[in-house]
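Written out below as C-alpha cells is the structure these notes cover.
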Amino acid sequence: MTKNYKYAILLVIVAIGAGIVICFKRDVNEDFVNFIQVDRKARIHPDYSSIVIPANISPMNFAVREDGELYCVRISSRKGSQIEVFSRTGNIAIDEAQWSSLLKQNKGEKLEIEVFCKVRNGRWLRYETIHNTIASDEIDGYVVYRKIHPGYRTWRDIGIYQRQLGSYVESVVLDNSYFEGGCLNCHAFCNNKTDKMLIGLRSAKYGSSELIVNDDKVNKIGTKFGYSSWHPSGKIVVYSMNTVYQLFHHARKDEYRDVIDIDSALVYYDFGSVKVKRCEHLSRKDRLETYPSWSSDGKFLYYCSTPIKWLPSKMEEITKEMIEGLKYDLMRISYDVKRDEWGEPEVVVSAQESGKSSLEPRVSPDGRWLLFCMCDYGCFPVYQPSSDLYMIDLKSERIDGKFVYNKLDVNSRASESWHSFSSNSRWIAFSSKRMHGSFTRTYFSYVDANGIASKPFVLPQKDPGYYERCLRTFSVPELVVEPVRTTKETLGKVARRKIDKVVNVPITSATIMIEGWQERE
Amino acid sequence: MNFGKTLWQNASKLRSTMFFLLFYLFLSVYVDLRLLYYVTGATAGISGFPCEWSYLFETLSLPGGLVRYISVFLTQFFMFRWIGPVVVVLQVWVIALCIDRIVKNCDGKWFGWVRYVPGIVILFFYTSYVYHFETTMAMLVVFGLFNLYITVSSEKWQTSLVWFVVLIVISYYFAAAGSLLFVVLCSIYELVVKKHGITGLGCLVFGAAIPLLIGVYGFRVSHIEAYSELMPWSWRITSDDLLNRMIPWLYAMYGSVPVCLLLMGFLKKSECAETISKRKSKKDNKKSRQKMWRVGSDKSGGVIKWIVSTAVLLGVAGGGAYYFANDQLRTLYQIEYYRGEGNWEKVLELANKQPGQLLSIQARNQALYHLGRFADEMFNYLQHPDGLMLSHAAFDKSYWHKYDLYIDLGLIGQADEVLTESMVSFGDNPFILKKLALVNLISGKSQTASVYLGALQKRLFFGKWAQEYLVKLESDPELRSDNEIQRLRSLIPKEEDGRFLASPEVQLRAQIENSSKNKMAFEYLLALYMLRGKIWDFAEVAGRIEEYDYENVPVAFEEAILLNNKYNKKTISLKKLKIRDETQRRFDEFIAVTIRYRTKNAAQSELASRFRNTYMYYYFYGIPER
C-alpha cells in the first residue's frame, strides 16, 4: 500500500514534468513563417518603443497589450544572438544575461523588438518592429530616490532607496524604521559620487537634523537643510531654509495639492570652520531664494529667486493673485571658494520675460547644460501640472553672453521635475506624473551632444505590471556612479544618537524663525 | 448514567468548550470584527491580502514575514461577521493547547488555568478594538516551537543546545523578535525546571545573539527592528495611538507563561525534573492526565469545584470584557460601518445613542439628508455648527470621518485629500483603496484611479470589482455609461469656482453661486449658516430655493425665512413656493411668547416646552458661544 502510494506520487511528478517539457517544446517550435502582418506597432506597457537606452540597463520587461493566446518577442541587434521570449500572459520577461550581452555588444546600434501574437484561430500576427537605439554612452550605475505614499500631511513608511540600474536590485539607503518612524527627505550627493551625501531627518524622538556623510564619515548636525547643493570641492554646502504654506486647490482636476514658500533664504555650511554662513544676496528680506545648485566648476551658484509679496507674519493676507503671481527668476552668483567671496547676482531666466516660474536648476557635470523646470507659478513643480523641463546651452552663453532656453522633447502634459544628470552628462533622470497621475515615476532620457533629449523611458522593473499597482511615488532620482557605501545600519545609528555638532544659523535678513515642514513628494 | 460519567470525565473539556463558544459569540455578536476591518481609523495595518507571488517573496524575505503573511491572510476573514471570530477563536484555542502541553510537560498541574490567560487578554484587545493579531500569532508560533523544544531536548546539554539553535533560528525567521519569548521560555525551562545551568545560559547567550546575527547581519534589518519586531516594545506598536492603548496587557500576555514556568520550576523543583528525565509510559500519562483534570475525589465536591472554577474563569473574562467594553467607540465604529453600507436608518438609530457627539451629529445629518428629512427634521435633534461638517479644529486630522460626506457633497478634491491621508496613516486598506479609486474615477483622473484599481485587483475579495472597472476604463475612459459616476462628477465645482479655496464651506458657497444644482450642497450651506446664526448669509442664499426641485419649503428653512423676514431688512421673497400656515402659526406663537416675557431667560422654560424642535428656539438658545 505504502509502496503503491509512493509510485503514484512519482508518476504524478513525472507527468507534471513531462507536461511542462511538452508545453515548453511546443512554444519554441512555433512556426512564424505564415504570420499575418499587422500595420502598426504592438501596444506594449511600459512604452519602450522609439527610445534610446543605455547598454548597462536592466532588461526592459514589458507586457504586450494585445489579445492573444500566446506571445512571442524577438529582440535583436547587429551583433550577437537574438533573444526570443514566449509568454502566455503577455508579460515578457527577458533573460538578464542574454540582454546584457546583446546590449554590450551593440553600443551605438539599433535594437529591434519584434512582437508576435497568436490569436484564437491559431494564426500568428506580427506587428511592426519596434526600433530602439543602444546609446554608446552608459548611464551611471545607480539611481537613488525616495519612495513614499503620495500623502501630504502624514507619513508612515518612508525610505531612501538605491537601485542598481544594471539589474533589478533595490536596496535601502535609509528608511524610517531605523529611527522609529520619523521622516526623512532631501538627499543630495557631490559630483555623482556617494562619499559625500546629505539626508534630512525629522523625528519626534531624535529631533530634526541633517546627516552629513563626508568622506564616508557620518555626522549628525542640529539643523535640517532644505534643498541643498554640495560645492564640487566638497568644502561647503549651500542649503535653503523654507517656511512653507500648504494650499489645496480642491476644484482643480489634475493636482489639488500645492505648496508655496512664505519665506525662504539660502545659507551655507562651511565644513572647514564648521559654521553656517550667509551671503547678503542670497538671503534678502525682500525676496524668496531657494533651490541652490552649483555649476560643475564651482564658480557659480545657480538659484531661484522672486520678490516677496507679503509680510511673512501676515499669512492671512495672502491672496490668490499673490500666489498666482509667484514666479521665480533663475539667477546665478559667482563664488570664489579659495577666498570665500561672493560676486554679484545676475538673472539667467527672467520670470517677467518668460511669464513662468523657473525652478530646480541643475548644471551638467561637463558644464555645458543647465537643466531646469518652468511652470505657471509657485515653487514646487511636482505639484504643478504645467511644469516642464527646459535646457540652456551654457557654452553658447559663454560665446554670445545670452542665456537661450529650449523646451525639451521629454515633456508631457503632466508634471516633470526633480531632474539630475549622469556623471557623463549624457543621461538625465527625472520624476514625471505622465503615467499614473498622482504617482510620480522615475524616467530617463538620453541627451546627445547637441542637447537633444530622446523620448524618455520609465525605470524598468522585473514585473512589467509593477507600476500599475505601486502605491508609492518615486521622487528626487539622483544618478550616482557607485552605491552608497555608508550602510543603513551606520546611518541609522547616527540618526538615533545625539547631535554631533550644534550649529548656529545666522540671523539673516530673511529671518526664518520657524523651520518649515510638510510632507511632500 | 454513562453519559453522566463521560461528561464528568470531560469536565475540563466542557469548560473549555463553554469558554471558546462564549468567546466566539461575544466576538460575533457584540464586538463584530467587521468594524476593525471596514472602519478606517479603527486600526492601522490591515492592508488586504495581495494574491501575488511578489508579495509572498517580499514578505518572506524578512524575519517575521511568515507570521505577517499568515496574519494578513487570516485577517481577511474579519470582513465576515461570523467567520472572523472563528479565526480568532482558533488562534486562541491553539495557543491554549500549546500552553496546556507546556504545563503538562512540566507537571505544573496547578497552572492549568494559564491556558486561558492569552485568550482572555486577546478578548480584552478585541473588546477595546485593538488589533494585535500579528503579535499574538508570533506568540502562538513561539509556543508551538517551545513545545517542540521540550519534546526534543535531552539531558545532554550539547544536544539540547543544538536543538535550541535550530529552533531559535526557525523561530526568529517565523516570528522575528517575537522569538525572544522562545529564548526566555527555553532558558527558564532549562535553568529552573530542568536545573541545567549550562544549557540555560547557552540558550540565553545564543538567543540574545540570534537577532543580531540573523536579523542584522543576515537579513540586514535595523538593530531596532531586529530586537523589537512583533514584540510589545516595537516602535510600530508604541508609536501608534491605535495600537498602544493596551500595551501593559500585551506585556502581561507575553509574560504570563514565562512567569508561570518560573513558578512551576520553583514549586515542583525535584519532582518536575524527575518527571522530565523519566518519561512515563503512555498509559501512565493518560492516567495522570485524567487525574489532573479530576478535580476532587468526592464527586459532589468536584462538581462544586468545577462550577466555582468555571464561574471564576467566565467571571474574569466577562468582567474584564465588561470593563474594557467601550460602547461609545463601538457605536462610532458602527455608525461608520453602516454609513459605508449606506444603511441610513441604522445610522440614524445609532447616532441617537450619542446625541451630543459631534461625530454622531455629522453622521445623523447625512443620514437625514439621504432619507429626505434633513431640512424638515434637523432641529428634532441636537445640533451644533461644528457637527455639520466636522469643521472644528479637533477634527482636522480625522480624515476618515469625512470622506463619505465630501463625496456626497461633490467635494471630490477634499474627499481625495482625506482618503489619501487615511491611506498613508492606516495602510493600504482595500476599502480605502476602493474609495480612492472611486473619487479619482469621479474626478476623471483615470490614470491615478488605475493604480488603485491595479492594487485592488490583486486583493482577495476585491479583485472582481477592480477588474470590472479596469475593463470599463479600457472601453469607456470617461465612464460615460456609468450614471452614478456621471452624477457625482456633475457635482464637482468648476476649477474657476474654487481654485484657491481650501475650506469646504466656502467651496459650497462657490458651488451655489455658480448655479451648480447640487441640492445637498445647497441644504448644507443653508444649514451651516443657520447653525452659526448667520441669518444674513442665509438670506443671501435662501432666495435661490426655487431653483431647486422643492414641492414645499422644508420646515427648518421656513422658520429661518420667517425669522429673517422679521428681523432682517433684507427679506426673502418666495414666488412659487409658500410658507405653510402651520409654520407661520408656530412662528407667531413663538414670537408672542417672547413678547410676553421681559427677558430671554425668563421665556426659555416655556419656549423649551413648546418650541424646542424649532429653528427659532435654536437661534435664541442653541447657538454655542465660539
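Quick look at the numbers
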{"quantity": "Relative contact order of segment B:2-286, pairs being alpha-carbon contacts under 8 Å that are 6 or more residues apart, as %", "calculated": "20"}
{"quantity": "Taking all pairs of distinct alpha-carbon atoms in segment A:142-496, Kirkwood radius in angstrom", "calculated": "20.5"}
{"quantity": "Other protein chain Cβ atoms within 10 Å, averaged over every residue that makes up B:487-494", "calculated": "1"}
{"quantity": "Within-11-Å neighbourhood charge of A:ASN424 [Cβ basis; K, R +1; D, E -1]", "calculated": "-3"}
{"quantity": "Tail fraction, Cα-Cα pairs, segment B:504-622, threshold 17 Å, whole percent", "calculated": "57"}
{"quantity": "In degrees, nearest ten, helix A:2-28 long axis to first principal axis of chain A (Cα)", "calculated": "70"}
{"quantity": "For segment B:2-286, fraction of C-alpha pairs farther apart than 33 Å, in %", "calculated": "25"}
{"quantity": "Length added when fully stretched, B:VAL169-B:LEU60, from 0.36 nm per residue minus Cα-Cα", "calculated": "37.8 nm"}
{"quantity": "When each of A:LYS309/B:LYS570; A:LYS104/A:LYS402; A:LYS253/A:LYS309; B:LYS353/B:LYS458 is checked by Cα-Cα distance, pairs over 31 Å", "calculated": "A:LYS309/B:LYS570; A:LYS104/A:LYS402; B:LYS353/B:LYS458"}
{"quantity": "Relative contact order for segment A:142-496, counting Cα pairs under 8 Å that sit 6 or more residues apart, in percent", "calculated": "16"}
{"quantity": "Separation between Cα centres of segment A:169-213 and segment B:551-619, rounded to whole Å", "calculated": "63"}
{"quantity": "Computed helical MRE - 222 nm, chain A, DSSP H runs ≥ 4 contributing -39500 (n - 2.57), nearest 500", "calculated": "-3500 deg cm²/dmol"}
{"quantity": "Total charge dipole magnitude, the protein assembly as shown, about the Cα centre, Cβ charges on Lys, Arg, Asp, Glu only, Debye to nearest 20", "calculated": "4600"}
{"quantity": "Principal axes of chain B: Cα extent on each, largest first, Å", "calculated": "99, 61, 44"}
{"quantity": "FRET efficiency, A:VAL169 to B:LYS353 (Cβ-Cβ, R0 56 Å, nearest 0.05)", "calculated": "0.50"}
{"quantity": "Number of partner chain Cβ atoms within 10 Å, mean per residue of B:212-225", "calculated": "3"}
{"quantity": "Centre separation in Å (Cα based) which lies between segment A:133-148 and segment B:348-404", "calculated": "52"}
{"quantity": "R0 of 30 Å, Cβ-Cβ distance A:VAL274-A:GLU344: FRET efficiency to nearest 0.05", "calculated": "0.60"}
{"quantity": "Set of aspartates and glutamates near A:LYS205 by C-alpha distance (under 12 Å), chain-local residues within fewer than 8 positions excluded", "calculated": "A:GLU180"}
{"quantity": "222 nm mean residue ellipticity, helices alone, for chain B (DSSP H n ≥ 4; -39,500 (n - 2.57); rounded to 500)", "calculated": "-20500 deg cm²/dmol"}
{"quantity": "Links that overshoot a 28 Å alpha carbon limit, given the list A:LYS193/A:LYS493; A:LYS327/B:LYS494; A:LYS299/A:LYS498; B:LYS109/B:LYS156; A:LYS407/B:LYS445", "calculated": "A:LYS299/A:LYS498"}
{"quantity": "Residue-averaged beta-carbon neighbours from other chains (10 angstrom radius) around B:416-426", "calculated": "5"}
{"quantity": "Cα pair count fraction exceeding 17 Å, expressed as % - segment A:54-135", "calculated": "44"}
{"quantity": "Label-point separation, A:LYS309 to B:ARG487 (7 Å along Cα→Cβ), nm", "calculated": "4.1"}
{"quantity": "Alpha-carbon Rg/Rh ratio, for segment B:318-360, with Rh computed the Kirkwood way", "calculated": "1.06"}
{"quantity": "Inter-site label distance for A:SER354 and B:ARG612 at 7 Å from Cα along Cβ, in nm", "calculated": "6.7"}
{"quantity": "Tilt relative to chain A, helix A:96-105 - C-alpha long axis, 0 to 90 degrees, to 10", "calculated": "70"}
{"quantity": "Cα-centre dipole for segment B:504-622 with unit charges at Cβ (Lys and Arg positive, Asp and Glu negative), debye to 20", "calculated": "400"}
{"quantity": "Largest-first principal axis extents, alpha carbons of segment B:188-266, Å", "calculated": "41, 32, 10"}
{"quantity": "At 1.567 mPa s and 4 °C, Stokes D of the protein assembly as shown from Kirkwood alpha-carbon radius, µm² per second", "calculated": "38"}
{"quantity": "Chain B: relative contact order in percent, alpha carbon pairs under 8 Å with at least 6 residues between", "calculated": "12"}
{"quantity": "Total charge dipole magnitude, chain A, about the Cα centre, Cβ charges on Lys, Arg, Asp, Glu only, Debye to nearest 20", "calculated": "1320"}
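We did not get these values from a lab; they are worked out from the coordinates using the rules stated. Given the structure is predicted, the values throughout are model-derived calculations rather than measurements. When we count neighbours, we look across all protein chains shown, and the Cβ atoms used for this are built from the backbone with ideal geometry, even at glycine.
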